[in-house]
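Structure first, commentary second.
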Amino acid sequence: MVELGSGTDIGFACQANSAEPLCQLAIRPATGATGSHSSSSVISGQTTPSRNSRGNLTLEFLGNQYFLFKEDASAAKPLGVDHLGHPFLRPSLDRSLELWNVSTRPEKGSYRFYGADENKSNPQQIQCITLSELIGITIVCAGRVIYAIHGHKNHHSSAIDTYLSLSPSAQKVALLLYFPLNPGSETIDEVWVRESLPFPERNRTIMLRTSQRTQIFGPNDQDQRCHYFPLAYGLATSLLYHVPASGNPISVFGAVSTSPSLPTALEPNAVFNGGGTPSMYRSQASLKDVAHIEAYIHVLEGNRCSGILVKHEDGREEALGQRRFGLSNVQTISISRPSQIHYKPFQTSNGHWHLKLIFSTLDNPNIVDTDKGWITQVMTGIAVWSFDWRNEQLQFPSLY
C-alpha cells in the first residue's frame with residue numbers, strides 16, 4: 001500500500017495539469033469504502049522525492065508535501081526525469097493507493113468507513129481530523145449533505161477558507177455549523193451516519209453524540225425514512241471523510257475510535273427533535289449561567305444575526321445558528337454576562353425570515369418596543385435556533 005497525504009484537491013490538479021505529459025504520477029485508488037469504485041488516474045505536475053528524518057519517502061508535489069507509507073518496496077519506483085530535470089514516480093498499477101492528509105495513518109482496525117465513493121475519477125483522498133488537537137469543528141453543509149469539515153485549533157480561527165473553496169452554487173446555500181468540542185469536559189462518544197430515503201446517496205450526513213449533547217448535521221426531520229449506521233461507539237478520536245470531487249458533497253464518512261468493535265444489533269437512542277421546524281436545521285443551547293456571548297451580525301443584510309456562540313461560567317461552549325465568523329460583511333459583537341436577550345423576526349423583500357438580536361446586561365439594560373415586534377427573554381432555560389439558508393427561527397420550548 002502506498003499512501004500520500006495532502007490538503008490539495010488532486011482532482012482539480014489532475015484536470016489543470018493534464019496537458020503536461022512528461023511529469024506524471026500515475027496512480028490507482030484503493031477500494032476501502034463500502035461500494036467504492038477503483039479506476040486508474042493520472043496526476044500531472046512537478047514532483048521531487050526525498051526522505052524525511054525517519055527515512056520515509058516523501059514527495060513534493062504542487063508545493064505540498066505527501067507522505068508515502070509502503071508495505072511493498074516495489075509499489076513505487078522512480079522512472080527518470082522530465083524535460084526540466086525533475087524526477088517523477090509511477091506507482092505500480094496493480095497496487096492500491098490512498099492519499100491521507102496526515103503523516104501517520106491511524107492503526108488498522110481502529111477506524112471504519114461508510115458510504116460509496118462517488119469520486120470515481122480521483123484517488124481516494126482521505127481527510128483525518130484529529131479531535132484532540134481542536135477546540136471545535138465547523139460542518140459545512142446544505143440541504144441533507146455535507147461538503148466539508150473544518151477543524152479549529154483556537155478560537156480566532158475561521159472556516160471561511162474552507163467555505164470559499166466550494167463552488168459558487170454550493171456557497172449560495174452552504175451553512176456553517178460550529179460544534180464546540182469542550183476539551184476536558186466533554187467527549188464524542190458516538191458517531192453515526194444518517195441516510196434518508198428514497199435517495200440515501202443524496203441524503204447522507206452525520207450525527208455526533210457527546211457525553212452531554214446530540215447534534216444532527218442535517219434537517220430536523222426524524223422519521224421512519226431515516227436510517228442510522230454506526231461509525232464509532234466509544235471514545236472517538238478522529239473524524240474521517242473522502243474528499244469529494246469539486247462541487248460534490250461528501251459521500252464517504254469514517255471515524256477512529258478507541259473501541260473499534262461495535263455491539264451487536266446497535267441502534268441509536270431516540271433523537272430529541274422537539275422545539276424545532278422539521279425541514280430546518282436545529283441547534284440548542286442553555287441560557288443559564290452565561291458568562292459571554294458572541295453574536296454574528298450581517299451588516300449589509302439589515303443587521304440580521306445568523307447565530308451566537310454561548311460561553312458558560314464553567315467554560316463550556318454551545319452554538320446557536322451559524323458561526324459565520326470571518327466573512328467580510330459579518331461583524332462579531334461580544335457581550336459579557338447578558339441578563340436578557342431581545343429578538344425580532346423580520347421578513348426581507350424576497351420573502352425570507354431572519355432575526356435581529358440585541359442583549360441587555362444588568363449594567364446596561366436595553367428598552368425595546370414590543371409594538372414593533374421585539375420580544376424579550378430572560379437569560380434562562382433552553383433556546384432552540386432553527387435555520388436553513390433562507391430563514392431563521394428562535395424558540396424557547398422550556399417555556400411552553
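The values are calculated or read from the model by the stated rules, or taken from the named source; none is laboratory data. Remember, it's a predicted structure, so these values are computed and weren't measured experimentally. Cβ coordinates were reconstructed from backbone atoms using ideal geometry, including for glycine residues, and neighbour counts include every protein chain displayed. Surface accessibility is based on the protein's heavy atoms, side chains included, excluding ligands, DNA and RNA. Shrake-Rupley method; radii C 1.70, N 1.55, O 1.52, S 1.80 Å.
Stretching the chain fully between residue 187 and residue 336 yields a gain of 51.0 nm (0.36 nm per residue, less the alpha carbon separation). Ordering 387, 229 by accessible surface, largest first, gives 229, 387; the 1.4 Å probe counts only protein heavy atoms, with every chain in place. When 388, 289 are compared by accessible area of protein heavy atoms, the largest-first order is 289, 388, using a 1.4 Å probe. Computed extension length for residue 201-residue 353: 51.7 nm, one decimal, from 0.36 nm per residue of separation with the Cα-Cα distance subtracted. Remark on residue 304: its backbone amide H falls under 5 Å from those of 298, a criterion applied only to residues 5 or more positions apart or on other chains, H modelled at 1.01 Å from N. For the pair the stretch 300-323 and the stretch 149-171, the centres of their Cα atoms are 17 angstrom apart.
Computed from backbone phi with θ = phi - 60° and the Karplus coefficients 6.51, -1.76 and 1.60, the 3J(HN,Hα) list for the stretch 297-305 is 9, 8, 5, 9, 10, x, 6, 5, 9 Hz; x is used for glycine and proline.
3J(HN,Hα) along the stretch 390-396, derived from phi through the Karplus expression 6.51 cos²θ - 1.76 cosθ + 1.60 where θ = phi - 60°, amounts to 9, 9, 9, 9, 10, 9, 10 Hz, with x in place of Gly and Pro. For the stretch 306-313, the Karplus equation 6.51 cos²θ - 1.76 cosθ + 1.60, evaluated at θ = phi - 60°, returns couplings of 8, x, 9, 10, 9, 10, 8, 4 Hz by residue, with Gly and Pro reported as x.
The relative contact order of the stretch 123-271, computed from alpha carbon pairs under 8 Å that lie at least 6 residues apart in sequence, is 26 percent.
Put simply, the amide H of residue 243, placed in the peptide plane, has neighbours under 5 Å in 125, 126, 127, leaving out anything fewer than 5 places away on its chain. Take the Cβ atoms of residue 314 and residue 279, set R0 to 41 Å, and the FRET efficiency comes out at 0.75.
Residues whose amide H falls under 5 Å from that of residue 115, counting only those 5 or more places apart or on a different chain, are 34, with hydrogens built in the peptide plane.
For residue 201, the solvent-accessible surface with a 1.4 Å probe is about 80 Å², rounded to the nearest 10.
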